[in-house]
1. Report, by residue number, each residue of region 1-21 that is of a type outside the set (D, E, K, R) and within 13 Å of the chain's Cα centre (by Cα).
2. What number of residues in region 42-64 are under 21 Å from Leu15 (Cα atoms), surrounded by 11 or more Cβ atoms within 10 Å (Cβ to Cβ) and modelled with pLDDT of 95 or more?
3. Please verify whether region 26-39 includes one or more residues that are over 17 Å from the mean Cα position of the chain (by Cα), exposed (fewer than 10 other Cβ atoms within 10 Å of the Cβ) and at positive phi.
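The values are calculated or read from the model by the stated rules, or taken from the named source; none is laboratory data. Not measured: the values here are computed from a predicted model. Note that we place each Cβ from the backbone using ideal geometry, even for glycine, and neighbour counts take in every protein chain shown.
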Amino acid sequence: MTSTAAVDLATALGLVFVIEGLLLALLPEWSKRLVATILALPSRDLRAGGLLSAALGLAILWLARG
């Protein structure tokens, strides 16, 4: 991994923590309901949602990085 790739990875992980932290701080009740909803979902649905999210993220990265 090049140093640029390491910086990009660290930046991406930092942004994940910032966004997650803001959601928990600003919308704690909504976050609790979201977690309860996720816990009630079947694993198949969570897996499908995760794959869809990963594919969308890759598409965004591909478009952004050209």
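1. The answer is Ala12, Leu13, Gly14, Leu15, Val16, Phe17, Val18, Ile19, Gly21.
2. Result for region 42-64: 1.
3. Scanning region 26-39, I find no residue that is over 17 Å from the mean Cα position of the chain (by Cα), exposed (fewer than 10 other Cβ atoms within 10 Å of the Cβ) and at positive phi, so the answer is no.
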